[in-house]
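J.: Have a look at the structure that comes next, please.
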Amino acid sequence: MEKKWFKEMSVYQIWPRSFCDGNGDGIGDLKGVISKLDYIKSLGVDAIWFSPLYPSPNADYGYDIADYRNISSDYGTLDEFKTMLDEAHKRGLKVIMDLVVNHTSDEHEWFKESKKGENNPYHDYYIWRKGRKPGKEPNNWLSTFQGKAWEYCKEIDKYYLHVFAKGQPDLNMDNPKVREEVKNIMRFWLDMGVDGFREDVITFISKKEGLPNGFPLPTATGIEHYSNGPHLMEYLHEFKDVLDEYDCFTVGEAPMMTTKKALKFIREGENQVLNTMFHFEHMNCDNIITNWIVTPFRPSKLKKVYKRWQEDLYKKAWNANYIENHDQPRIISRYGSEKYRVESGKMLGTMYILQSGTPFIYQGQEIGMTNANIPSIDRYKDVSSINNYNLFRKLGFSDKFTMKICMYAARDNARTPMQWTNDKNAGFTTADEPWFEVNKNYHEINVQQAENDPDSILHYYRKLLSFRKENDIVKYGDFQLLNTEKNIFAYIRHMGEQQLLVVCSFSEKECAFRCPKQFDIESSELVLSNYDKNIVIHNGFMTRPYETRVYFIK
């Protein structure tokens with residue numbers, strides 16, 4: 001497998017609004033990021049991925065972009081961004097921007113012009129249709145964020161398509177002028193020195209001709225007609241021609257993705273259009289389709305997903321590994337244990353970072369931040385959380401039941417301010433009130449506390465990332481899932497004569513792990529663990545709560 005710089009790197013994701021407030025207005029900003037670059041570098045990561053920094057009315061907190069060539073005044077200025085970029089590069093940190101081109105904000109100048117009617121040159125930048133009859137939408141599509149996927153504009157007696165919030169009208173990528181705009185946006189940031197893009201819901205940009213009715217679903221009716229649409233590869237190849245002018249990295253976000261479909265986009269070779277891809281299958285092990293239809297977490301399901309992605313892509317394509325981001329609740333509160341927060345936080349990090357692929361770490365994950373458990377919908381900010389709550393209530397579920405789901409599943413859980421210290425507002429801001437409330441556990445869980453505790457999750461993540469960087473077997477070795485009891489996820493990595501054993505327990509109860517007979521862990525080198533006194537008896541051991549061990553096998 002060919003070695004490339006993006007395969008060697010680890011990435012730290014910043015959701016800028018909640019990372020660090022440098023000017024005291026209660027909102028995270030670029031000044032705050034600059035002040036924390038040394039901290040980010042100290043983690044052992046090699047790149048920063050920024051969720052959108054562009055001007056936005058925040059209908060979806062930055063994923064509704066009003067200007068692709070500027071920085072939101074909430075976060076600073078374009079000059080401050082250039083300063084941050086220079087300072088990051090000085091520290092050997094690459095910078096990856098979010099590229100959101102399935103849709104814009106309804107406050108983007110293109111859309112304002114588009115609303116003026118068919119004779120306006122920007123009208124066909126978006127997807128406009130007449131109703132099937134007066135008061136009836138063009139088709140039965142529903143948005144991903146609940147409600148109809150069409151919004152009526154009485155000025156021109158037409159509907160525009162929005163597969164997300166109504167403030168996020170979909171671009172008409174079938175219009176070659178729109179694709180030229182996208183390519184020029186890419187060049188703008190790449191010429192400035194940005195090192196790549198995370199491409200938001202990029203597999204949604206091509207819609208089926210005629211926009212036919214979709215199969216009725218509770219949400220996202222019609223998704224089969226715009227997920228992996230008819231011209232998607234053609235358009236991605238156009239974008240790739242621009243990207244090939246630069247030494248840059250791309251990761252595409254791809255809902256409803258499978259390994260078979262993914263290889264179409266990321267298989268290495270002349271037809272590759274993306275370097276790697278974010279899928280969601282491993283995030284569906286405690287739910288059905290959506291985080292809000294909650295089921296008990298099943299480690300067996302998680303193991304099957306990882307086995308498939310590790311084996312199906314090996315020596316063909318490259319994985320993008322993550323367990324948290326701005327769209328997912330905190331992983332310790334889902335797949336781990338708040339009771340055993342430190343132990344499960346270390347185990348979860350070990351489990352995914354030591355698999356083949358580029359690891360992504362979300363802000364706060366490295367100190368073991370947890371769900372916020374905010375008990376009232378009036379205190380939530382996210383359009384998706386609020387709309388899902390309203391849907392559940394409309395379907396007849398009680399406020400108590402719905403809020404229980406919300407506290408577990410809402411995206412807001414990942415968007416509370418970063419917990420830096422045990423001072424007021426967790427050291428996130430000097431303002432009286434931050435833009436969003438701080439998790440009440442910040443007195444116990446914060447960077448300052450973690451730095452001073454040699455046994456913290458933070459220090460363990462540094463060891464993990466250092467170990468990955470120093471050992472090619474972690475990056476390029478193959479993957480063999482071991483047959484164990486259901487709550488143990490154990491696998492072997494092979495590379496040449498080297499073999500690495502990774503054992504992870506997903507239970508607070510004792511579980512018996514027995515190493516396969518061909519391996520001898522009693523004489524092997526223990527290189528990482530989240531407990532002291534790691535005893536081996538008869539080529540195995542009884543796991544302690546959420547225990548993990550990593551051995552170089554002799």
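J.: Do the conditions hold for Ser344, that is, is it under 20 Å from Arg411 (Cβ atoms) and touching a residue at least 60 places away in the same chain (Cβ under 8 Å)?
T.: Working: under 20 Å from Arg411 (Cβ atoms): no; touching a residue at least 60 places away in the same chain (Cβ under 8 Å): yes.
Answer is no for this residue.
J.: Scan the range 187-197 for residues that are out of contact with any Phe, Trp or Tyr (no Cβ under 7 Å at 6 or more places or on another chain) and either under 22 Å from Asn228 (Cα atoms) or of a type outside the set (Phe, Trp, Tyr) (or both) and jot them down. Don't jump to the end; show me each part of the working.
T.: As a first pass, look at the range 187-197 and keep what is out of contact with any Phe, Trp or Tyr (no Cβ under 7 Å at 6 or more places or on another chain): 187-189, 191-194, 197.
Matches in the range 187-197: Arg187, Asp191, Met192, Gly193, Val194, Phe197.
J.: If you scan the range 379-393, which residues turn out to be of a type outside the set (Lys, Arg) and assigned to a loop (DSSP other than H, G, I, E, B)?
T.: At the first step, the residues of the range 379-393 found to be of a type outside the set (Lys, Arg) are 380, 382-392.
Result: Tyr380, Asp382.
J.: Residues that are farther than 21 Å from Lys3 by Cα: which strands (runs of 3 or more DSSP E) entirely in the range 229-321 hold 3 or more of them? Spell out how you get there, then give the answer.
T.: Working: elements: 249-253, 276-278, 290-294.
Of the strands (runs of 3 or more DSSP E) lying wholly inside the range 229-321, those with at least 3 residues that are farther than 21 Å from Lys3 by Cα span 290-294.
J.: Then there is this: Being surrounded by fewer than 17 Cβ atoms within 10 Å (Cβ to Cβ), outside any helix (DSSP H, G or I) and small (Gly, Ala, Ser) narrows it down to one of Gly210, Gly167, so name that one. Give the steps one after another, and end with the answer.
T.: On the way: Gly167 fails: surrounded by fewer than 17 Cβ atoms within 10 Å (Cβ to Cβ).
After ruling out the rest, the residue left standing is Gly210.
J.: Let me ask another. Which residue out of Gly32, Gly28, Gly44, Gly62 is within 28 Å of Pro359 (Cβ to Cβ) and without any contact (Cβ under 8 Å) to a residue 40 or more places away in the chain? Break it down stepwise before answering.
T.: Details: Gly28 fails: without any contact (Cβ under 8 Å) to a residue 40 or more places away in the chain; Gly44 fails: without any contact (Cβ under 8 Å) to a residue 40 or more places away in the chain; Gly62 fails: without any contact (Cβ under 8 Å) to a residue 40 or more places away in the chain.
Result: Gly32 is the single residue among Gly32, Gly28, Gly44, Gly62 that is within 28 Å of Pro359 (Cβ to Cβ) and without any contact (Cβ under 8 Å) to a residue 40 or more places away in the chain.
J.: Let me ask something else. Restricting to the range 381-414, what's the tally of residues that are surrounded by 22 or more Cβ atoms within 10 Å (Cβ to Cβ) and more than 20 Å from Ser143 (Cα to Cα)?
T.: 2
J.: Output yes when any residue across the range 367-380 is of a type in the set (A, V, I, L, M, F, W, C), surrounded by fewer than 22 Cβ atoms within 10 Å (Cβ to Cβ) and free of Cβ contacts under 8 Å to residues at least 12 places away in the same chain, and no when none is.
T.: So far as the range 367-380 goes, no, none of its residues is of a type in the set (A, V, I, L, M, F, W, C), surrounded by fewer than 22 Cβ atoms within 10 Å (Cβ to Cβ) and free of Cβ contacts under 8 Å to residues at least 12 places away in the same chain.
J.: Next up: Quick check on my filter: what residues within the range 458-517 are acidic (Asp, Glu) and either in the same structural domain as Val305 (by TED's automatic domain parsing) or touching a residue at least 12 places away in the same chain (Cβ under 8 Å) (or both)?
T.: Taking the range 458-517 as the starting set, the residues that turn out to be acidic (Asp, Glu) are 470, 472, 478, 485, 497, 508, 510.
Asp472, Asp478, Glu485, Glu508, Glu510, listed by residue number.
J.: Using the structure shown, decide if Thr358 is farther than 21 Å from Phe280 by Cβ and of a type in the set (Val, Ile, Thr).
T.: Numbers: farther than 21 Å from Phe280 by Cβ: no; of a type in the set (Val, Ile, Thr): yes.
In short, no.
J.: Return the residues of the range 209-225 that are within 20 Å of Val100 (Cα to Cα) and modelled with pLDDT of 95 or more; say none if nothing qualifies. Give the derivation first.
T.: Keep residues of the range 209-225 that are within 20 Å of Val100 (Cα to Cα), which gives 220, 223, 225.
Within the range 209-225, Ile223, His225 qualify.
J.: Shifting gears a bit: Do any residues in the range 208-221 that are touching a residue at least 60 places away in the same chain (Cβ under 8 Å) and over 12 Å from Gln146 (Cβ atoms) have Cβ atoms under 8 Å from those of residues that are among the aliphatic types (A, V, I, L, M) and assigned to a loop (DSSP other than H, G, I, E, B), where the two are at least six apart or on different chains, and which pairs are they?
T.: From residues that are touching a residue at least 60 places away in the same chain (Cβ under 8 Å) and over 12 Å from Gln146 (Cβ atoms), the pairs are Leu211/Ile127.
Yes/no per residue for (1) closer than 25 Å to Leu458 by Cα; (2) outside any loop (DSSP other than H, G, I, E, B); (3) charged (D, E, K, R):
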residue: Ile323; (1), (2), (3): yes, no, no
residue: Asp327; (1), (2), (3): yes, no, yes
residue: Ile331; (1), (2), (3): yes, no, no
residue: Ser344; (1), (2), (3): yes, yes, no
residue: Lys400; (1), (2), (3): no, yes, yes
residue: Cys406; (1), (2), (3): no, yes, no
residue: Asn425; (1), (2), (3): yes, yes, no
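J.: Looking at the range 252-292 only, could you name the residues that are in contact with a Pro (Cβ under 9 Å, 6 or more places away or on another chain) and modelled with pLDDT under 95?
T.: Ile289, Thr290, Asn291
J.: Follow-up. Could you count how many residues in the range 493-550 are over 34 Å from the mean Cα position of the chain (by Cα), surrounded by 14 or more Cβ atoms within 10 Å (Cβ to Cβ) and hydroxyl-bearing (Ser, Thr, Tyr)?
T.: The total comes to 1.
J.: Across the range 122-142, what is the number of residues that are closer than 28 Å to Leu395 by Cα, in a loop (DSSP other than H, G, I, E, B) and at pLDDT 95 or above?
T.: 6
One line per residue, one yes/no per condition, for (1) closer than 16 Å to Glu324 by Cβ; (2) touching a strand residue (DSSP E or B) at 6+ places or on another chain (Cβ under 9 Å):
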{"position": "Ser356", "(1), (2)": "no, yes"}
{"position": "Pro359", "(1), (2)": "yes, yes"}
{"position": "Asn371", "(1), (2)": "yes, no"}
{"position": "Ile374", "(1), (2)": "no, no"}
{"position": "Val383", "(1), (2)": "no, no"}
{"position": "Leu395", "(1), (2)": "no, no"}
{"position": "Ser398", "(1), (2)": "no, no"}
{"position": "Met403", "(1), (2)": "no, no"}
{"position": "Tyr408", "(1), (2)": "yes, yes"}
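The values are calculated or read from the model by the stated rules, or taken from the named source; none is laboratory data. It should be emphasised that the depicted structure is a prediction, and the values quoted were computed from it without experimental measurement. Positions of Cβ are backbone-derived with ideal geometry, glycine not excepted, and every protein chain shown enters the neighbour counts.
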